[in-house]
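Have a look at this one.
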Amino acid sequence: MSEHVRGFEVVSKYKEESIDLPARATIGSAGYDLKAAKDTVVPSIWKALLAHNGLNNLLEGNAIKEENKEFLASTLVPTGIKAFMPEREYLLLANRSSNPMKKQLALPNGIGIIDADYYGNTDNEGEIFVQLVNYGFEDVLVKKGDRIAQGIFTPYEIVDNEVNEFQTRIGGFGSSGV
């Protein structure tokens, strides 16, 4: 980590890829624009449904058939960057306001949370990925350098007299609370 308290760095595997560090667009912007590190297709969920002859062929009873789950999954778009920040702070990932209107792209969980201890984890060095789902009728090609989300550094509070045996973070999505 640099001598600074808060910021962004390029992850090792993208050092030679000319990745832009996130930046704010205006003096009043709260969010830092995160960009795609490589071209990534975000498939249309409707196109997937139609390709499988509708919802009934995807279902077995009231559940989605195991072999069809991949067609309705979120797409992870790499950013090639990681964020460092002090304890008791996180990076909130929010959708860009233009994504739903212009590209029919949304973050399926509404927001993303990048914890301070995600930086430098052994699984992926702390690289930030943006989960996107495409609810439009056509696949969307997110090109390298496209702005895909915004990150806002945010402090948080903890309860008094917290008693917990904390785990050590080892990886990316879903790695805490395992």
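The values are calculated or read from the model by the stated rules, or taken from the named source; none is laboratory data. From a predicted model like this one, the values you see are computed outputs, not experimental measurements. Quick reminder, even Gly has a Cβ in these numbers, built from the backbone with ideal geometry, and neighbours come from all protein chains shown.
In the range 97-136, what count of residues is obtained for those that are more than 17 Å from T40 (Cα to Cα) and touching a residue at least 60 places away in the same chain (Cβ under 8 Å)?
The total comes to 6.
Filter the range 92-137 for residues that are among the hydrophobic types (A, V, I, L, M, F, W, C) and touching a helix residue (DSSP H, G or I) at 6+ places or on another chain (Cβ under 9 Å); which is farthest from D33 (Cα to Cα)?
F137
Would you mention how many residues in the range 15-38 are in a loop (DSSP other than H, G, I, E, B) and surrounded by 12 or more Cβ atoms within 10 Å (Cβ to Cβ)?
Total meeting the criteria: 12.
Could you tell me whether the range 66-74 includes any residue that is modelled with pLDDT under 95, part of a loop (DSSP other than H, G, I, E, B) and touching an Asp or Glu at 6+ places or on another chain (Cβ under 6 Å)?
no
Which of the residues that make up the range 135-166 are at pLDDT 95 or above and either at positive phi or under 16 Å from the mean Cα position of the chain (by Cα) (or both)?
Those that are at pLDDT 95 or above and either at positive phi or under 16 Å from the mean Cα position of the chain (by Cα) (or both): V142, K143, K144, G145, D146, R147, I148, A149, Q150, G151, I152, F153.
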